[in-house]
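The values are calculated or read from the model by the stated rules, or taken from the named source; none is laboratory data. What you see is a predicted model, and the numbers here were worked out from it, not measured in a lab. Every residue, glycine among them, receives a Cβ derived from its backbone with ideal geometry; neighbour counts consider all protein chains shown. We work out accessible area using only protein heavy atoms, side chains counted, and drop any ligands, DNA or RNA first. Shrake-Rupley method; radii C 1.70, N 1.55, O 1.52, S 1.80 Å.
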Amino acid sequence: MKARVSLDKEYVIGAVDKRIYGSFIEHLGRAVYGGIYEPGHPKADADGFRRDVLDLIRELDVPVVRYPGGNFVSSFKWEDSVGPAAKRPRRLDLAWKSVEPNSFGMGEFVKWAKTANTETMMAINLGTRGIDAARNLVEYCNHPGGSYWSDLRREHGSKEPFGIRLWCLGNEMDGPWQVGQKTPDEYGRIAYETAKAIKLFDPALELVACGSSNGHMPTFPQWEATVLDHCYDSVDYLSLHHYFHNDADDLPAFLASSVGMDRFIDSVVATCDFVRAKKRSKKPMYLSFDEWNVWFHSKDADSRNEPWQVGPHLLEDVYTMEDALVVGCLINVLLRHADRVKVACLAQLVNVIAPIMTDNGGAAWRQTIYWPFLYASKYGRGTSMNIKVDSPTYADKSFGDVPYLDASAVLSEDGASLALFCVNRSKEPMELDLRAAGLENLSLIERVELRHDDLKATNTAASPDKVAAKVLPADRGPLALSPLSFTVLRYSTGEK
Ligand code: AHR
């Protein structure tokens with residue numbers, strides 16, 4: 001099979017905002033307790049942060065982490081999670097039917113985020129709470145001192161303000177599962193009023209309004225249109241969430257599902273632009289794809305979960321080689337929408353539908369999906385190029401003709417290298433022809449491949465490196481992509 005990628009140095013999609021390599025930590029399952037935080041673990045530091053997990057997160061170079069939820073945030077009382085840990089209340093979390101001990105809270109997270117070299121993207125409870133709790137939280141986090149809430153933070157040991165720039169106005173407020181679900185008018189109003197209060201405090205803070213919980217919601221995209229009618233001029237981003245699954249064990253259909261993400265983004269962009277036109281607004285609405293991943297392996301186990309535990313085993317998907325291919329395609333979709341998607345969060349980061357898994361008291365290891373995310377985060381920063389892919393296709397019942405080659409290309413910030421991210425969706429090897437106008441001196445400097453003969457292969461504590469990316473010799477013959485593989489081809493442009 002043969003495929004071609006054509007690009008022109010002058011034709012670009014846009015600058016890649018590094019925050020598209022963001023992730024998410026929710027108070028859910030073992031993301032916090034047993035994940036990033038486990039006092040007493042042999043690898044924990046003095047704060048109880050697991051150093052083995054921190055090392056893996058630093059390797060991923062995640063620029064922003066959304067916190068503390070997710071569905072959890074919609075009945076979260078943030079004041080419970082600050083101050084002396086011994087005095088914090090234990091609460092029932094209704095979203096995940098768990099017990100929240102609040103031994104890890106706001107201050108701990110902000111400290112952890114600094115240690116992990118990442119920024120906090122803080123979500124506000126607009127389910128059970130409203131403007132007052134939100135404005136107090138923002139004051140607690142960001143005001144230097146001399147007011148009730150900022151002085152309380154100082155009293156709690158954080159003299160310096162947290163300096164959190166990015167805030168989510170609630171979570172999935174259209175979802176019937178959400179504590180405090182709202183109609184689009186109810187949500188649009190509270191989002192507008194909360195945004196107003198926050199921007200009065202500091203107009204430089206960036207706000208994300210909730211879009212639909214996924215593109216299959218019956219109210220999509222009317223939800224987006226109504227919500228933005230209320231708050232278009234007060235917010236900076238609209239959120240998108242979507243999870244992908246292979247319930248039917250149909251690999252070609254699963255690999256095609258990234259086309260659904262592509263179309264979902266196109267529809268949200270069109271809806272935002274419709275509202276912009278209605279409002280005669282000069283401002284483009286940017287997108288925050290703040291929950292995306294493969295999620296289905298753990299659903300059966302979760303239906304048998306015993307409620308009201310601290311740190312239960314929930315959403316612990318063990319990812320296969322197939323899942324890593326889909327994640328590679330989903331990253332390509334984000335890169336191909338770099339002009340509008342400015343923030344994205346792989347949901348989630350540790351243990352809960354995550355690239356990193358741990359055992360309580362034991363090891364931490366990389367799941368299969370770690371690898372495409374790692375290489376995109378490493379080499380996918382700069383300018384996303386407008387590429388044309390010529391590839392044989394296959395027929396998919398949901399998405400029509402799907403190309404066997406899925407690709408994206410990023411020219412590095414300094415223009416010295418070009419990275420091509422490729423997923424070969426076919427069972428055949430694929431000969432690749434790259435034509436790059438304006439970049440006539442390309443020479444291959446690195447070639448990284450993720451593949452495994454067994455598409456159901458997984459990484460576990462006993463065999464953590466079964467599925468791992470391999471660096472191949474860069475000078476190996478004509479460019480051939482292995483069957484059902486994820487490949488990164490990195491070229492020197494010879495320009496710097
Ligand atoms: O990421 C898991 C859950 O998925 C989040 O809590 C929620 O926002 C979404 O439905």
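Go through the residues of region 150-171 one by one and say whether even a single one is within 16 Å of the ligand (Cβ to nearest atom) and either free of Cβ contacts under 8 Å to residues at least 24 places away in the same chain or not in a strand (DSSP E or B) (or both).
yes
Would you confirm, using the coordinates I've provided, whether Ser398 is of a type in the set (Ser, Thr, Tyr) and open to solvent by less than 50 Å² (accessible area, probe 1.4 Å)?
Working: of a type in the set (Ser, Thr, Tyr): yes; open to solvent by less than 50 Å² (accessible area, probe 1.4 Å): no.
So Ser398 does not fit the description; no.
Can we say Asn102 is surrounded by 18 or more Cβ atoms within 10 Å (Cβ to Cβ) and at positive phi?
Yes; evaluated as a whole, the condition is true for this residue.
For region 216-239, does any single residue satisfy the condition of being at positive phi and outside the structural domain of Arg425 (by TED's automatic domain parsing)?
The answer is no; no qualifying residue exists.
Of these, Tyr140, Tyr192, Tyr187, which one is of a type in the set (Ser, Thr, Tyr), within 16 Å of the ligand (Cβ to nearest atom) and in a helix (DSSP H, G or I)? Can you show your working first?
On the way: Tyr140 fails: within 16 Å of the ligand (Cβ to nearest atom); Tyr192 fails: within 16 Å of the ligand (Cβ to nearest atom).
So the residue among Tyr140, Tyr192, Tyr187 that is of a type in the set (Ser, Thr, Tyr), within 16 Å of the ligand (Cβ to nearest atom) and in a helix (DSSP H, G or I) is Tyr187.
Could you tell me whether any residue of region 177-188 is under 30 Å from Tyr319 (Cβ atoms) and touching a Leu at 6+ places or on another chain (Cβ under 9 Å)? So that I can check it myself, show each step before the final result.
Keep residues of region 177-188 that are under 30 Å from Tyr319 (Cβ atoms), which gives 177-179.
Among the residues that remain, those that are also touching a Leu at 6+ places or on another chain (Cβ under 9 Å) are: 179.
Checking region 177-188: at least one residue is under 30 Å from Tyr319 (Cβ atoms) and touching a Leu at 6+ places or on another chain (Cβ under 9 Å).
Which residue, of Leu287, Leu330, is under 23 Å from Ser377 (Cα atoms), open to solvent by less than 10 Å² (accessible area, probe 1.4 Å), touching a Pro at 6+ places or on another chain (Cβ under 9 Å) and at pLDDT 95 or above? Write out each step before concluding.
Numbers: Leu287 fails: touching a Pro at 6+ places or on another chain (Cβ under 9 Å).
One residue alone meets the criteria, Leu330.
Would you mind finding the one in Ala123, Ala113 that is in contact with a strand residue (DSSP E or B) (Cβ under 6 Å, 6 or more places away or on another chain), away from the ligand (no atom under 15 Å from the Cβ), touching a residue at least 40 places away in the same chain (Cβ under 8 Å) and open to solvent by less than 10 Å² (accessible area, probe 1.4 Å)?
Numbers: Ala123 fails: away from the ligand (no atom under 15 Å from the Cβ).
Being in contact with a strand residue (DSSP E or B) (Cβ under 6 Å, 6 or more places away or on another chain), away from the ligand (no atom under 15 Å from the Cβ), touching a residue at least 40 places away in the same chain (Cβ under 8 Å) and open to solvent by less than 10 Å² (accessible area, probe 1.4 Å) holds for just one of Ala123, Ala113, which is Ala113.
Conditions first: (1) within 17 Å of Ser75 (Cα to Cα); (2) open to solvent by 40 Å² or more (accessible area, probe 1.4 Å); (3) more than 23 Å from the chain's Cα centre (by Cα). Leu137 passes all but one, so which condition is the exception?
Leu137 satisfies all of (1) within 17 Å of Ser75 (Cα to Cα); (2) open to solvent by 40 Å² or more (accessible area, probe 1.4 Å); (3) more than 23 Å from the chain's Cα centre (by Cα) except (2).
Does Tyr286 qualify as being in contact with a His (Cβ under 9 Å, 6 or more places away or on another chain), more than 14 Å from the ligand (Cβ to nearest atom) and among the aromatic types (Phe, Trp, Tyr)?
Here the answer is no, as Tyr286 does not meet what is asked.
Find the residue count for region 442-496, including only residues that are assigned to a loop (DSSP other than H, G, I, E, B), modelled with pLDDT under 95 and exposed (fewer than 14 other Cβ atoms within 10 Å of the Cβ).
Counting residues in region 442-496 that are assigned to a loop (DSSP other than H, G, I, E, B), modelled with pLDDT under 95 and exposed (fewer than 14 other Cβ atoms within 10 Å of the Cβ) gives 7.
Could you look through region 8-28, keep only residues that are in a loop (DSSP other than H, G, I, E, B) and open to solvent by less than 10 Å² (accessible area, probe 1.4 Å), and pick out the one that is farthest from Gln348 (Cα to Cα)? Talk me through it step by step, then tell me what you get.
Our first condition is that a residue be in a loop (DSSP other than H, G, I, E, B); within region 8-28, this holds for 9-11, 16-17, 25-28.
From what is left, the residues that are open to solvent by less than 10 Å² (accessible area, probe 1.4 Å) are 25-26, 28.
Details: Ile25: 6, Glu26: 8, Leu28: 10 Å.
For region 8-28, the residue satisfying everything is Leu28.
Scan (1) of a type in the set (Val, Ile, Thr); (2) part of a loop (DSSP other than H, G, I, E, B); (3) free of Cβ contacts under 8 Å to residues at least 60 places away in the same chain for the single condition Val179 breaks and write down its number.
Only one criterion is unmet by Val179, namely (3).
Show me the strands (runs of 3 or more DSSP E) found entirely inside region 332-428 where at least 1 residues are touching a residue at least 60 places away in the same chain (Cβ under 8 Å) and β-branched (Val, Ile, Thr). Walk me through how you get there before you give the answer.
Values: elements: 341-346, 356-358, 364-366, 382-385, 388-390, 393-396, 400-403, 405-412, 417-424.
So the answer is 341-346, 356-358, 382-385, 388-390, 400-403, 405-412, 417-424.
Do you know which of the residues in region 140-183 that are among the aliphatic types (A, V, I, L, M) and within 24 Å of the chain's Cα centre (by Cα) is most open to solvent (accessible area, probe 1.4 Å)? Let's see the steps before the verdict.
The initial filter retains those residues of region 140-183 that are among the aliphatic types (A, V, I, L, M), namely 152, 164, 166, 169, 173, 179.
Still in the running and within 24 Å of the chain's Cα centre (by Cα): 164, 166, 169, 173, 179.
Values: Ile164: 5, Leu166: 7, Leu169: 0, Met173: 0, Val179: 39 Å².
Restricting to residues being among the aliphatic types (A, V, I, L, M) and within 24 Å of the chain's Cα centre (by Cα), the top hit is Val179.
Going through Val352, Val269, Val275 one at a time, which residue ends up being more than 19 Å from Tyr33 (Cα to Cα) and open to solvent by less than 20 Å² (accessible area, probe 1.4 Å)?
Details: Val352 fails: more than 19 Å from Tyr33 (Cα to Cα); Val269 fails: open to solvent by less than 20 Å² (accessible area, probe 1.4 Å).
Only one candidate passes the filter, namely Val275.
Within region 184-208, how many residues turn out to be open to solvent by 70 Å² or more (accessible area, probe 1.4 Å) and closer than 14 Å to Trp167 by Cα? Give the derivation first.
Just the residues of region 184-208 that are open to solvent by 70 Å² or more (accessible area, probe 1.4 Å), to begin with: 185-186, 189, 192, 196, 200-201, 203.
Right, trim to closer than 14 Å to Trp167 by Cα and you get 192, 196, 201, 203.
Residues that pass the stated criteria total 4.
Tell me the residue from Gly400, Gly362 that is on the phi > 0 side of the Ramachandran plot and not hydrophobic (A, V, I, L, M, F, W, C), please. Talk me through it step by step, then tell me what you get.
Values: Gly362 fails: on the phi > 0 side of the Ramachandran plot.
Among Gly400, Gly362, only Gly400 is on the phi > 0 side of the Ramachandran plot and not hydrophobic (A, V, I, L, M, F, W, C).
Here is a list of conditions, (1) open to solvent by less than 40 Å² (accessible area, probe 1.4 Å); (2) more than 24 Å from Ala225 (Cβ to Cβ), and Arg340 meets all of them except one; can you say which number that is?
It is condition (2) that Arg340 fails.
So how many residues does region 288-327 have that are assigned to a strand (DSSP E or B) and free of Cβ contacts under 8 Å to residues at least 60 places away in the same chain? Steps first, answer last, please.
Let us first name the residues in region 288-327 that are assigned to a strand (DSSP E or B), namely 288-294, 309, 320.
Narrowing further to those that are free of Cβ contacts under 8 Å to residues at least 60 places away in the same chain: 292.
Final tally of qualifying residues: 1.
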